[in-house]
Amino acid sequence: MAESETTVSLLSAEGRLEPTPSAEQFLPYFEKLTEADYRQFYADMAQIRAFDAEATHLQRQGQMGLWPPSTGQEGAQVGSARASRPQDHIFPSYREHAVGLIRGIDLLGIIELMRGTTHGGWNPQETNFHLYTLVIGSQALHATGYAMGVTFDGAVGTGDPESDTAVMVYFGDGATSQGDVSEALVFAASFQTPQVFFLQNNHWAISVPVSTQSRVPLYLRPRGFGIPSTQIDGNDVFASYAVTAKYLDDARSGRGPGFIEALTYRIGAHTTSDDPTKYRTDDELASWVKRDPVLRLETYLRGLGADDAFFDGVRDEAADLAADIRRRTLALGTPPVGKIFDHVYSDPHPVIEEQREWLAQYEASFDDVPASAEGERA
Amino acid sequence: MTDITTAQTGVTVDSEAIAPSSPAQSMQTAPAAAVDSIQTMPLGRALNAGLRKALQDDDRVLLMGEDIGTLGGVFRVTEGLQKEFGPQRVIDTPLAESGIVGTAIGLAMRGYRPVCEIQFDGFIYPGFDQITSQLAKITNRHEGSVSMPVVIRVPYGGHIGAIEHHQESPEAYFAHTAGLRVVSPSTPNDAYWMIQEAIASNDPVMFFEPKARYWPKGEVSLAGNPVPLHASRVAREGTEVTLVGHGAMVTMLLQAAELAAQEGTSVEVIDLRSLSPIDYGPILQSVHKTGRLVVAQEAPGFVSVGSEIAATVTERAFYSLQAPVLRVAGFDAPFPPAKVESLYLPDADRVLDAIDRSLAY
């Protein structure tokens, strides 16, 4: 899935601002940004990369069962998330750590999810960043249904930029093969939902290459559903910002759904349980390391005059974030037994209450067991 | 050690308070003064009336499904509702069950109360993942910050002579899934009230409609005080054998009870109404009285609602039983071609046979 002349790019892999002709219609959105915004994008990417590295270490040290690293995909995530407005709703897959950071969740929630102290980790109503969804592609339909509700509420196309609402769903190249993603495209097109489908094509669904998911470039697929689409260099944070900003604007304005394919690459493993050396070549990896989204923005910023003091400051802040996550991860306890029964239903449920009470009594029955006999229980 | 299976509480309501003392009271009839509010109608029309009431009472209630708008659904349960409430309240969806359930989840997250129609029982499986992995678990995943007030209406069961995939009884799959509630009305009155209670529930409710019962008429008490959604109901009083069933099977059980009465055997019939949770109060009360239990269903017997009731009653009322709990069920074979469905589906004779076997102990 190589780039073509239609792929939108603003910031080249070498860190030069060289918008492609295909980028022209999106430039007005880029031009609204200031150097302070560029620096913010850089800080976002640096923070999440430090967080990601720390989380990987914590997994290796036994603090989590699993970690899905996001390194390499920061450009696609930061640009698109920074293009969203507070009232927009985001439905992530499970690798959108940078989007969560920007939407304002406590990143410890992701750690808790992967550690096994919760199936959730945060309250989406606080940030409009919905929970991670682990079954591939399921969230696409939730996003579409949510967006139908936004339309029914009349929160689209009023012209009020503070209330008109869009919905954005993140998914990967593997998910495009799931029926739910196709069904979401059908419903989105039929009901003209205010919605952006944001595909991060990181080229690998665990060990299966994107060529097995599709014989045509994936950005062409939604057009068959009647949904406009654009392919971008997903490692270009400016392209990701500008194109997403336009698509979200279109959605909020009542012009229906759109689809963005961000070409990017998962530099690390699928998760910490994966071994990408079994299916990827070193050459391929090296070619994508050269296209790193963080380095190219650093080059560009230095050209604009950002000095070591700025980069040192960003690095220190990112290190602080990572250290804070480490400290709080190590302090995480075991959830209470009630976690099994709480919120299985919203309304009272007799079976749940009965079993909750039984387990409490069963546990209490060991209270008088001498400590020396504890081992026999196990 | 306390064994959970000895606990006999755990019903949503005081079952003695709602168990009618005679069959005449079993329709939750309103006082005689309110006789105008009693109407006779088929179960399908009662559902239509219940849905209309829910749409009138709460703007957040939406109906969605295949062919439910202009056509009024293949069984006409939603007839006239799109015309009355508009295409944004009564939505003709694309033909995709996972899409229907998945978008209903998103709508519920937005604050709506979607009521989805699955056209036929055997068409529910494309939506199975969204129902069991998402709908059932979302409130739990959100630790209570999100509720899922979604109703999935499913016409189910045999007796209509239809082709493959159109006569199945898949309720056990959903009763097995934590986070779902599963109910099935057997009378027009229950249909009218239970659909409204299901919509009012803040949890996902699988609402199984016995399609064989869509057309026979019964009294509906429009001003009645509804029985709680998850309460079971004594449909006929008796003293020697207890029969338990749900949906269209209740009609068979009442027929069997009548035939047994002609032979001098007094049979009590309990309409489950709710398959998850199960209200064991009236069942255990009855078994303590009769000492004999026959559980009947159209669904295959293996790992079924009937199996669950047999196990639980054996655990909780062992010393009251005079005979093993017997199951009468569909066979553990695919639902057969229509011309032999009458041999597959349990009828009153098969129930009577089980009554005889129970009494023989």
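Side notes on the structure shown:
- Among the candidates A:ALA36, A:ALA23, A:ALA50, residue that is under 27 Å from A:GLY305 (Cβ atoms) and in contact with a helix residue (DSSP H, G or I) (Cβ under 6 Å, 6 or more places away or on another chain): A:ALA50
One line per residue, one yes/no per condition, for (1) of a type in the set (A, V, I, L, M, F, W, C); (2) within 26 Å of B:PHE331 (Cα to Cα); (3) modelled with pLDDT under 95; (4) outside any strand (DSSP E or B):
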| site | (1), (2), (3), (4) |
| --- | --- |
| B:THR239 | no, no, no, yes |
| B:ILE270 | yes, yes, no, no |
| B:LEU275 | yes, yes, no, no |
| B:ALA296 | yes, yes, no, no |
| B:VAL303 | yes, yes, no, yes |
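- Residues that are in a helix (DSSP H, G or I) and either more than 16 Å from the chain's Cα centre (by Cα) or surrounded by fewer than 21 Cβ atoms within 10 Å (Cβ to Cβ) (or both) occur in the range B:198-207; there is at least one.
- Filter result for A:ARG60 (in contact (Cβ under 8 Å) with a residue 12 or more places away in the chain and under 25 Å from A:ASP320 (Cβ atoms)): yes
Residues checked against (1) in contact with a His (Cβ under 9 Å, 6 or more places away or on another chain); (2) closer than 30 Å to B:HIS142 by Cβ; (3) assigned to a helix (DSSP H, G or I):
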residue	(1), (2), (3)
A:ASP274	no, yes, no
A:LEU301	no, no, yes
A:ALA306	no, no, no
A:GLY313	no, no, yes
A:VAL344	no, yes, no
A:ARG356	no, yes, yes
A:ALA360	no, yes, yes
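- Test: B:GLU164 is touching a helix residue (DSSP H, G or I) at 6+ places or on another chain (Cβ under 8 Å), more than 19 Å from B:TYR112 (Cα to Cα), modelled with pLDDT of 95 or more and buried (at least 24 other Cβ atoms within 10 Å of the Cβ): no
- B:VAL220 being touching a Phe, Trp or Tyr at 6+ places or on another chain (Cβ under 6 Å) and in a strand (DSSP E or B): yes
- Some residue of the range A:151-172 being in a helix (DSSP H, G or I), within 13 Å of chain B (Cβ to nearest Cβ) and hydrophobic (A, V, I, L, M, F, W, C): yes
- Taken over the range B:305-345, the criterion of being in contact (Cβ under 8 Å) with a residue 12 or more places away in the chain, within 11 Å of B:VAL287 (Cβ to Cβ) and more than 23 Å from the chain's Cα centre (by Cα) is satisfied by B:ARG316, B:ALA317, B:SER320, B:LEU321, B:GLN322, B:ALA323.
- Considering (1) touching a residue at least 60 places away in the same chain (Cβ under 8 Å); (2) small (Gly, Ala, Ser); (3) in contact with a helix residue (DSSP H, G or I) (Cβ under 8 Å, 6 or more places away or on another chain); (4) over 21 Å from A:GLY254 (Cα atoms), the lone condition that A:SER138 does not fulfil carries the number (1).
- Reported count of residues in the range A:145-177, each being within 23 Å of the chain's Cα centre (by Cα) and either at positive phi or surrounded by fewer than 21 Cβ atoms within 10 Å (Cβ to Cβ) (or both), is 1.
- In the range B:346-355, of all residues being surrounded by 13 or more Cβ atoms within 10 Å (Cβ to Cβ) and not β-branched (Val, Ile, Thr), the one that is farthest from the chain's Cα centre (by Cα) corresponds to B:ASP353.
- Filtered by the rule that a residue be among the β-branched types (Val, Ile, Thr) and more than 14 Å from every other protein chain (Cβ to nearest Cβ), the range B:160-215 gives B:ILE160, B:ILE163, B:THR187, B:ILE195.
- Tally of residues being in a strand (DSSP E or B) and either of a type in the set (A, V, I, L, M) or farther than 21 Å from B:VAL325 by Cβ (or both) across the range B:242-268: 3
- Taking helices (runs of 4 or more DSSP H) as the structural unit, those lying wholly within the range B:67-152 and holding at least 2 residues that are at the interface with chain A (Cβ under 8 Å from one of its Cβ atoms) and either at pLDDT 95 or above or in contact with a strand residue (DSSP E or B) (Cβ under 7 Å, 6 or more places away or on another chain) (or both) correspond to B:97-109, B:138-141.
- Hits in the range A:342-356 - residues which are closer than 16 Å to B:MET206 by Cβ and of a type in the set (Asp, Glu): A:ASP347
- Evaluation of A:PRO257 against the conditions (1) over 25 Å from the mean Cα position of the chain (by Cα); (2) within 14 Å of another protein chain (Cβ to nearest Cβ); (3) in contact (Cβ under 8 Å) with a residue 60 or more places away in the chain shows that the sole unmet condition is (1).
- Considered as a group, the residues in the range A:107-140 that are on the phi > 0 side of the Ramachandran plot and over 14 Å from the mean Cα position of the chain (by Cα) include one that is nearest to the other protein chains (Cβ to nearest Cβ), and that residue is A:GLY121.
One line per residue, one yes/no per condition, for (1) of a type in the set (Ser, Thr, Tyr); (2) part of a strand (DSSP E or B):
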{"site": "A:GLN231", "(1), (2)": "no, yes"}
{"site": "A:TYR241", "(1), (2)": "yes, no"}
{"site": "A:ALA245", "(1), (2)": "no, no"}
{"site": "A:ALA251", "(1), (2)": "no, no"}
{"site": "A:PHE259", "(1), (2)": "no, yes"}
{"site": "A:ALA262", "(1), (2)": "no, yes"}
{"site": "A:ALA269", "(1), (2)": "no, no"}
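The values are calculated or read from the model by the stated rules, or taken from the named source; none is laboratory data. Fair warning: this is a prediction, and the values are worked out from it, not measured in the lab. Here Cβ is always computed from backbone atoms with ideal geometry, including for glycine, and neighbour counts include all displayed protein chains.
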